[in-house]
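Heads up, the thing below is written out as structure tokens.
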Amino acid sequence: MKMKKSVLIRLIVCIVLFAAFLGIGSVSDGFGFEGFGDALRDFNWAKLLRLLVMIAGMLALATLVEFVLGLFHPENHRAKSVLSIIASLVKYVTAIAILCWGLRIIGVNVSTIVASVGIIALIVGFSAESLISDVVTGTFMLFENQYNVGDIVEVGGFRGTVTSIGIRTTCITDPGGNVKIVNNSAMQNILNRSDNASRSISDIAIPYGTDLIKLEAGIPKLMQDIYAGHPDVMKEAPVYLGVQELADSAVVLRFVVSVDEKNIYSGARILNHDLLLGFRSLGVECPFPQMDVHLDR
């Protein structure tokens, strides 16, 4: 909602500026959109007004498109990705249009420049290799559907949710709110966690003196009780896998539960909490590290 308000304010400001410049230009001598062939040395107030009108109009149009795109809230991750890329593309197209149209307004022959930039384009092409790579990679990722806005991915050890996909970059936000901006060409060896079934794991230690058979008899009901308390996080009842480790001071039991990837950490915390309380209700207290010392006399 806050983003919508800011976009709407920008849109209103751009429209007001466009109307103001257009109104000023309509009463100024020589104000019109024809005659773009004037030389740069003939730059005057009329051209300045045309330039301001054009910039305000293009910004208003771009802001309007951004505002309209913000009205859509699709549930599908693919649709979110398409909207994100369209929004990014609009910004680049607007910038290019303002540049080319602005040059034409002030009297620069854009067609001549375009025709004579062969060698310059070759030189710039080498220096802009990473930029071209980002754009091309982003295009391929869109068509190959490798990841989408809303997916949880892991790239280079950073794990988070894809919040936006642009022409050049992808933004990933971790659970702590930290945002990592990655060039599309650097989005390699991606682990898309949204495509995989996720499981939260809990290892609970019990004393060696515990009657394991008796405890295991009460575990199925405990699993159902835990699931009944958290159906919004857990997809099904937790599963008891058995003895995970014979540690120095305890027997370690392992439990797992199926969850959505976004709930993988909260699922583990809930499972730890409820297992601790559940074991206490069954008369089993989780042990603390102990050391037996034997002295020869």
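Details
- For segment 163-194, the tally of residues that are under 12 Å from residue 148 (Cβ atoms) and without any contact (Cβ under 8 Å) to a residue 40 or more places away in the chain stands at 2.
- Test: residue 199 is touching a helix residue (DSSP H, G or I) at 6+ places or on another chain (Cβ under 9 Å), over 30 Å from residue 137 (Cα atoms), surrounded by fewer than 18 Cβ atoms within 10 Å (Cβ to Cβ) and not hydroxyl-bearing (Ser, Thr, Tyr): yes
- In segment 256-276, the count of residues that are among the aromatic types (Phe, Trp, Tyr), touching a residue at least 60 places away in the same chain (Cβ under 8 Å) and either under 30 Å from residue 153 (Cβ atoms) or not assigned by TED's automatic domain parsing to the domain that holds residue 150 (or both) is one or more.
- Set side by side, the residues 201, 219, 213 differ, and just one is under 17 Å from residue 250 (Cα atoms) and assigned by TED's automatic domain parsing to the domain that holds residue 237, which is 213.
- Identity of the residue in segment 222-238, charged (D, E, K, R) and outside any helix (DSSP H, G or I), that ends up surrounded by the most Cβ atoms within 10 Å (Cβ to Cβ): 235
- Selection status of residue 79, on the phi < 0 side of the Ramachandran plot, of a type in the set (Gly, Ala, Ser), at pLDDT below 75 and assigned to a helix (DSSP H, G or I): yes
- Long-range neighbours under 6 Å by Cβ, at least six apart or interchain, first residue among the small types (Gly, Ala, Ser) within segment 231-253, second outside any strand (DSSP E or B): 237/223; 237/224; 237/227; 249/287; 249/289; 249/290; 250/287
- Restricted to segment 255-270, and to residues there that are hydrophobic (A, V, I, L, M, F, W, C) and at pLDDT below 90, the residue that is nearest to residue 201 (Cα to Cα) is 264.
Residue by residue, here is whether (1) assigned to a helix (DSSP H, G or I); (2) among the small types (Gly, Ala, Ser); (3) surrounded by fewer than 19 Cβ atoms within 10 Å (Cβ to Cβ) holds:
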site: 240; (1), (2), (3): no, no, yes
site: 258; (1), (2), (3): no, yes, yes
site: 265; (1), (2), (3): yes, no, yes
site: 270; (1), (2), (3): yes, no, no
site: 273; (1), (2), (3): yes, no, yes
site: 279; (1), (2), (3): yes, no, no
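The values are calculated or read from the model by the stated rules, or taken from the named source; none is laboratory data. As the structure is a computational prediction, the values presented were derived from the model and not from experiment. Ideal geometry is used to build each Cβ from the backbone, glycine not excepted, and the neighbour counts take in all protein chains shown.
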